[in-house]
Amino acid sequence: MAHIIVPIKQVPDMERVKFDTEAGRIDRSSASGEINPFDLNALEAAVQLKEKLGGTVTTISMGPAQAESSVRDSLARGADRGVLLADKAFAGADTWATSYTLASAIKKLGDYDLIVCGEKTVDGDTGQVGPEIAEWLNIPHVAYVSAVRDANDKTITVTCDMESASYGIESPLPALLTVTKDINVPRLPSFADKMKARKAEIEKWSAADIADVADPANLGLKGSPTRLNKVIIPSEEGRKGEMFRGNLDEATTKVADALQSLGLLGSAK
Ligand SMILES: Cc1cc2nc3c(=O)[nH]c(=O)nc-3n(C[C@H](O)[C@H](O)[C@H](O)COP(=O)(O)OP(=O)(O)OC[C@H]3O[C@@H](n4cnc5c(N)ncnc54)[C@H](O)[C@@H]3O)c2cc1C
């Protein structure tokens, strides 16, 4: 497997981050950034495949300048090359614009055999970006992968966990996987790996650097079809309970009356 690409997102430490309830958004300045936990599983899966079959692993992240620390961390955890897409033009992107920008940058990276994403992020939590990247690149994808059963230069066979069943799926390469936490236990970087990563070069690409593969009109807030008006935290309504007593006829009449008064039954014709 010659080249594996892992898109990684920097997310706030969710144990510490505060929510700005007035503004209705996460206060990202309240906690340090780290690699999205599911992306650590994606990176580990890619590095294990590299160790078995050879090749290189490239991580790519779209985010603010601070996300450089997460790209650097990915090098300490086994990636060979790290690219950060940072530009004001990328800011405010919804999942459509995020996946477009990442897919464009992947085209610019050149040939690849496999792309491995996390199943979702712990902040945005949509799980849309991975499959969307596959659509932009017109390659097959398998979501919710919990194991790689076999892989060679032409195909990959994986276990995909859906709610009611697990499926064994073989896909031709190039393909994109999104992985669950069950796929592996991410390795911890050694001190030597961290020191090496500290000195490594992180490539930074701006909108101008991908202008040959990406239409500027599709980037950032300008390119996002989603408009976020407000984020609200739903109030927690307690459960209500009521006991209806009597014989079967009386009790069912009382239940029907109660449902009727709550507007949960249509009017009888
Ligand atoms: C109108 C609007 C405006 C927004 N403005 C902002 C904003 O200003 N700032 C902001 O931080 N967020 C903003 N967001 C949220 C932003 O859309 C999402 O954070 C982003 O699209 C990724 O979606 P997600 O976190 O749900 O990823 P998911 O789809 O849950 O992620 C799945 C996988 O895709 C990959 N991935 C996802 N995002 C990235 C990334 N950035 N780089 C590399 N790989 C990635 C990872 O492998 C990840 O595991 C905005 C959203 C909307 C709708």
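Where a number appears in this text, it was derived from the coordinates with a stated rule and is not lab data. Quick caveat: nothing in here was measured; it's all calculated off a predicted structure. Glycine also receives a Cβ, built like all others from the backbone with ideal geometry; neighbour counts cover every protein chain displayed.
Helix 37-53: angle to the longest alpha-carbon principal axis of the chain, degrees 0 to 90, nearest 10?
Roughly 40 degrees, rounded to the nearest 10.
So what's the chain giving for Rg/Rh, alpha carbon basis, Kirkwood Rh from the mean inverse pair distance?
Taking Rg over the Kirkwood Rh, I get 1.12.
Please compute the modelled spin-label separation between S206 and A192, points set 7 Å along Cα→Cβ, answer in nm with one decimal.
Computed distance between label sites A192 and S206 equals 3.9 nm.
Using a basic spin-label model with each label point 7 Å from the Cα along Cα→Cβ, how many nm lie between E250 and Y167?
Calculated label separation equals 5.4 nm.
If you rank M162, M1, M14, M243 by fewest surrounding Cβ atoms within 10 Å, what's the result?
Fewest-to-most ranking of M162, M1, M14, M243: M243, M162, M14, M1.
Cα convex hull of the range 83-208: mean projected area in nm², to one decimal?
9.5 nm²
Would you calculate a helix-derived [θ] at 222 nm for the chain, using -39,500 (n - 2.57) for each DSSP H run of n ≥ 4 and dividing by the full residue count, to the nearest 500?
-8500 deg cm²/dmol
Using the number of other C-beta atoms within 10 angstrom as an exposure proxy, rank E250, E236 with the fewest first.
E236, E250
On a full-extension model of 0.36 nm per residue, what is the gain between E51 and A217, subtracting their alpha-carbon distance, rounded to one decimal in nm?
Fully extending the segment from E51 to A217 adds 55.8 nm.
Go from 0 up to the bin containing the longest alpha carbon distance in the range 1-134, width 5 Å each, and give me the % of pairs per bin.
Reading the bins upward from 0: 2, 11, 20, 24, 22, 12, 6, 3, 1, 0, 0.
What list do you get for F38, F19 if you sort them by fewest beta carbons within 10 Å?
F19, F38
Rounded to the nearest 0.05, what FRET efficiency do M14 and D153 have when you use their Cβ-Cβ distance and R0 = 45 Å?
The formula returns an efficiency of 0.75 here.
Ignoring solvent entirely, what values of log10 I(q)/I(0) come out of the Debye formula for the range 141-208 at 0.18 Å⁻¹ when each Cα is a single scatterer?
Log10 I(q)/I(0), no solvent term: -0.81.
Would you kindly compute the Cα radius of gyration of the range 125-269 and its largest Cα-Cα separation (Dmax), both in Å?
26.8, 79
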